[in-house]
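Beneath this line is the structure, given in structure tokens, with notes to follow.
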Amino acid sequence: MSRLLNALSASDAARRLQRRELSAEALLRDCLARIAARESEVRAFVCLDAEAALAQARALDAGPIRGPLHGLPLAVKDIFDTHDLPTEMGSSIFAGHRPRVDAAAVALCREAGALVIGKTVTTELANMTAGVTRNPFNPAHSPGGSSSGSAAAVADAMVPLALGTQTAGSIIRPAACCGVVGIKPSFGRVPRAGVKPNADSMDTVGGFGRTVADAALLASVLAGDARLRTQAPPETLRIGLVQGPDWHQAEEDVIACWERAVRALTPQAARCEDAPLPPDFADVAAVQATIQAAETAQALAFEHRHHRAQLSEALVALLDKGRAVDAETLLAQRARAERWRGEIDALFERCDVLLAPSAVDEAPEGLQFTGDPIFCRPWSLLGLPCVHLPFATGSTGLPVGLQLVGRHGDDHRLLAAAQWCMDRLG
């Protein structure tokens with residue numbers, strides 16, 4: 001058997017593990033070897049516990065099959081509570097913090113047989129200030145954020161699966177930067193207990209895999225819905241094209257990626273045409289940013305009050321801005337978002353999915369800026385499920401892709417549609 005077990009997709013590895021053709025210990029050892037070889041450059045992890053993971057792997061190999069994730073190494077973004085590893089949230093405020101219980105999403109993955117091997121780098125409290133992680137394709141570039149380490153670890157074949165979260169673009173954007181599949185489920189589909197809050201009306205637990213099937217496997221456990229990994233791709237698809245009101249910010253590589261996708265999908269889709277947006281949808285990014293700032297100021301009120309000196313200038317500025325949003329303004333913005341939810345939902349009467357950009361460009365150069373989430377803000381605000389499709393490279397050789405957006409609650413159909421698209425995009 002190949003020694004490059006860490007390069008197996010999660011789906012392929014899961015099948016072999018279920019049939020006992022592969023041991024959890026052998027897979028884990030190859031993942032740990034990859035981490036040892038690459039971590040000094042990529043810097044995806046805040047902490048690892050190889051010995052504990054190996055002990056768990058041996059126990060899994062000696063016992064019955066636990067579930068769909070049996071024996072699969074899993075990395076966890078460091079804003080999820082873990083009972084056996086520190087949870088420091090990318091902030092000195094929480095240095096050495098040791099929760100007593102797992103976050104619900106972590107517990108669900110462990111129950112399904114996953115091996116939690118370590119915690120991955122997050123931006124400061126899952127906000128803007130970057131951590132130390134580098135892009136696996138070019139260490140001079142950002143991996144995106146805030147789920148920086150999780151996306152990089154999957155992209156670099158350190159682990160087959162990793163957990164992340166999204167409030168604005170923190171799953172889809174790093175998936176785009178690192179060339180992996182990112183899944184942001186419908187808002188409310190996955191429990192958030194034990195995850196550091198950011199913006200209560202948008203925070204969503206999801207994750208990363210190297211294929212659509214991998215992301216579907218992880219999402220099926222997080223949501224407790226086997227349909228997410230068993231739904232067959234449709235025979236054809238009705239695709240709504242949504243460049244969005246901020247398309248003018250897209251750079252040449254993203255434009256070329258979009259044109260390639262439209263050329264490839266249009267002849268094979270039942271329908272592939274522009275989807276009409278609400279007349280005032282040009283304001284959607286600003287509305288999302290306002291609501292997020294206000295809710296983040298509420299969520300981080302303790303940190304802001306008692307540990308202001310330990311927060312970055314950028315985060316302090318965001319929290320000050322959020323505190324300045326008055327109740328009347330916040331209610332009015334939430335009302336607009338609710339109206340848009342209804343208007344966008346109506347598009348799905350004619351479209352099965354929406355195709356939209358994921359990021360404005362390839363991964364940004366430098367490590368201080370994780371990228372602009374502007375193309376993700378609308379779908380996070382509306383709580384719609386999204387999947388990033390990595391199928392192209394830009395002019396400097398870094399990954400480029402697009403995202404599919406589904407109807408709220410139709411995550412299984414979205415993932416099936418994502419597989420349909422990837423089969424045709426290559």
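The values are calculated or read from the model by the stated rules, or taken from the named source; none is laboratory data. None of these values were measured; they are calculated from a predicted model. Here Cβ is always computed from backbone atoms with ideal geometry, including for glycine, and neighbour counts include all displayed protein chains. For the accessible areas, the whole protein counts, side chains as well, though only heavy atoms, and no ligand, DNA or RNA atoms are used. Shrake-Rupley method; radii C 1.70, N 1.55, O 1.52, S 1.80 Å.
Residue by residue through segment 299-345, note down the ones that are of a type outside the set (D, E, K, R) and touching a Pro at 6+ places or on another chain (Cβ under 9 Å).
Within segment 299-345, A299, L300, W340, I344 meet the criteria.
Take P160 and tell me if it is surrounded by 24 or more Cβ atoms within 10 Å (Cβ to Cβ) and over 11 Å from the mean Cα position of the chain (by Cα).
yes
Consider only pairs whose beta carbons are under 8 Å apart and that are at least six residues apart or on different chains; among these, list those whose first residue lies in segment 365-393 and is surrounded by 24 or more Cβ atoms within 10 Å (Cβ to Cβ) and whose second residue is part of a loop (DSSP other than H, G, I, E, B) and at pLDDT below 95.
T370/M128
Can you tell me which residues in segment 324-372 are assigned to a loop (DSSP other than H, G, I, E, B), of a type outside the set (S, T, Y), touching a strand residue (DSSP E or B) at 6+ places or on another chain (Cβ under 9 Å) and closer than 25 Å to A294 by Cα?
Matches in segment 324-372: A359 only.
Can you find a residue that is in a helix (DSSP H, G or I) and in contact (Cβ under 8 Å) with a residue 60 or more places away in the chain anywhere in segment 61-76?
no
Would you confirm whether any residue within segment 412-420 is open to solvent by 10 Å² or more (accessible area, probe 1.4 Å) and farther than 19 Å from R229 by Cβ?
No, segment 412-420 contains no residue that is open to solvent by 10 Å² or more (accessible area, probe 1.4 Å) and farther than 19 Å from R229 by Cβ.
Find the residue count for segment 255-313, including only residues that are under 20 Å from D345 (Cβ atoms), open to solvent by less than 20 Å² (accessible area, probe 1.4 Å) and outside any helix (DSSP H, G or I).
Residues that pass the stated criteria total 2.
Search segment 77-100 for residues being touching a Pro at 6+ places or on another chain (Cβ under 7 Å) and free of Cβ contacts under 8 Å to residues at least 12 places away in the same chain, and hand back the single one that is surrounded by the fewest Cβ atoms within 10 Å (Cβ to Cβ).
G96
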